[in-house]
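Undergrad: Pasting in a structure now, in structure tokens, and then I'll have a few things to ask.
The numbers here are math on the coordinates, done by the rules we state, and not lab data. Being a predicted model, the structure only gives us computed values, none of them experimental. Every residue, glycine among them, receives a Cβ derived from its backbone with ideal geometry; neighbour counts consider all protein chains shown.
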Amino acid sequence: MKMDRVIQRMKEATLRWAGHQYYLLMTAILAVGLIVSMLWPESNMFARSGAVLVAVTAFLYFHDQRQHTSWWRSLQYRYEQDREVAKRPVKDAEEIATWMKNRGAEYDEIEAAIRDARVAVTPILRERGQKHRDNIKKAESALEAQGILILVGTLVWGFGDLVILGVLKC
């Protein structure tokens with residue numbers, strides 16, 4: 001029961017994490033392994049911390065919803081829905097303009113109504129577009145960090161004992 005909660009929390013954290021949080025995780029795991037190895041050289045904990053890093057990152061990688069095409073489609077769909085909602089005042093203004101035209105309103109009045117709606121909506125569209133690009137950048141950063149952590153963890157796992165023994169100089 002308790003382990004299920006831990007796994008569920010790790011899955012939830014995976015989706016929120018950005019690249020820098022993965023790098024902090026890597027630093028913490030490797031630092032603990034290095035400190036323990038320096039205090040007890042026979043423990044070989046630095047190399048083992050590489051294995052722990054690979055295991056934790058692999059778990060997070062395989063439970064990261066950003067690995068699935070459906071997550072990216074969902075992100076794009078939400079963005080398009082946000083844009084449609086934001087554009088609604090312009091569509092309303094265009095409908096009103098059609099009504100005004102049928103009632104015999106002047107062309108300048110009709111254009112002014114549409115222009116005012118577009119001016120009001122433009123900053124909202126820019127903000128939502130920037131938020132969408134930020135979400136994509138954060139997701140790509142996290143996925144890139146996961147790959148780097150697997151690589152670093154594998155190298156430490158394979159060669160960490162040699163570094164502690166002084167065979168390899170860093």
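Undergrad: What is the sum of charges around V121, taking Lys and Arg as +1, Asp and Glu as -1, for the other residues whose C-beta is under 13 Å from the C-beta of V121? Walk me through the numbers on the way to the answer.
TA: Working: positive: R83, K87, R88, K91, R115, R118, R126, R128; negative: D82, E84, D92, E94, D116, E127.
Once positives and negatives cancel, what remains is +2.
Undergrad: Right, another one. Given a cut-off of under 8 Å on Cα pairs at least six residues apart, what relative contact order in percent is computed for the stretch 38-170?
TA: Numbers: 85 pairs, mean separation 71.7, N = 133.
Contact order relative to length: 54 percent.
Undergrad: Once the other residues with Cβ under 12 Å from the Cβ of R133 are scored (Lys, Arg +1; Asp, Glu -1), what is the net sum? Please report the intermediate quantities before stating the final value.
TA: Working: positive: R126, R128, K131, K137, K138; negative: E127, D134, E140.
So the surrounding residues net to +2.
Undergrad: Here's something else I'd like to know. For K137 and I114, FRET efficiency with R0 = 35 Å and r from the beta-carbon atoms, rounded to 0.05? Write down the numbers at each step before the final one.
TA: Details: r = 34 Å, r/R0 = 0.96.
After rounding, the FRET efficiency stands at 0.55.
Undergrad: Run the helix sum for the chain: -39,500 (n - 2.57) per DSSP H stretch of 4+ residues, divided by residue count, reported at 222 nm to the nearest 500 deg cm²/dmol. Present the calculation step by step, with values, prior to reporting the outcome.
TA: Numbers: 5 runs with 147 residues, N = 170.
Rounded to the nearest 500, the figure is -31000 deg cm²/dmol.
Undergrad: Here's another thing I want to ask about it. Going by alpha carbons, how many degrees (0 to 90, nearest 10) lie between the helix axis of 2-16 and the longest principal axis of the chain?
TA: Roughly 50 degrees between the two axes.
Undergrad: State the three equivalent ellipsoid semi-axes of the stretch 2-165, derived from the C-alpha gyration tensor as the square roots of 5 times its eigenvalues, in descending order and whole Å. Display every interim value, and only then the final one.
TA: Numbers: eigenvalues 627, 40, 22 Å².
Ellipsoid half-lengths, sorted descending, are 56, 14, 10 Å.
Undergrad: With charges set only on the Cβ (+1 for Lys and Arg, -1 for Asp and Glu), what does the dipole of the stretch 2-165 come to about its Cα centre, in debye to the nearest 20? Kindly include the intermediate steps, with their values, before the conclusion.
TA: Working: 23 positive and 20 negative charges, 70 e Å.
With Lys and Arg at +1 and Asp and Glu at -1, about 340 debye.
Undergrad: How much length would be gained if the chain were fully extended between V85 and N44, taking 0.36 nm per residue of separation minus their Cα-Cα distance, in nm to one decimal?
TA: Working: separation 41, 0.36 × 41 = 14.76 nm, distance 5.79 nm.
Value of the extension gain: 9.0 nm.
Undergrad: Percentage of Cα-Cα pair distances in the stretch 100-170 greater than 22 Å, rounded to whole percent? Mind showing how you got there, number by number?
TA: On the way: 1558 of 2485 pairs.
Roughly 63 percent, once rounded to a whole number.
Undergrad: Can I ask one more? Under a Cβ-Cβ cut-off of 12 Å, what is the net charge of the residues other than L143 that fall near it, where Lys and Arg count +1 and Asp and Glu count -1?
TA: Values: positive: R66, K137, K138; negative: D64, E140, E144.
Taking every Cβ under 12 Å from that of L143, the sum is 0.
Undergrad: Run through the stretch 44-109 and list the trypsin sites (Lys or Arg not before Pro) located in a DSSP loop whose Cβ has at most 15 other Cβ atoms within 10 Å. Show your work: numbers first, answer last.
TA: Numbers: sites: R48, R66, R73, R78, R83, K87, K91, K101, R103; in loops: R103.
Within the stretch 44-109, the qualifying trypsin sites (Lys or Arg not before Pro) (loop, at most 15 other Cβ atoms within 10 Å) are R103.
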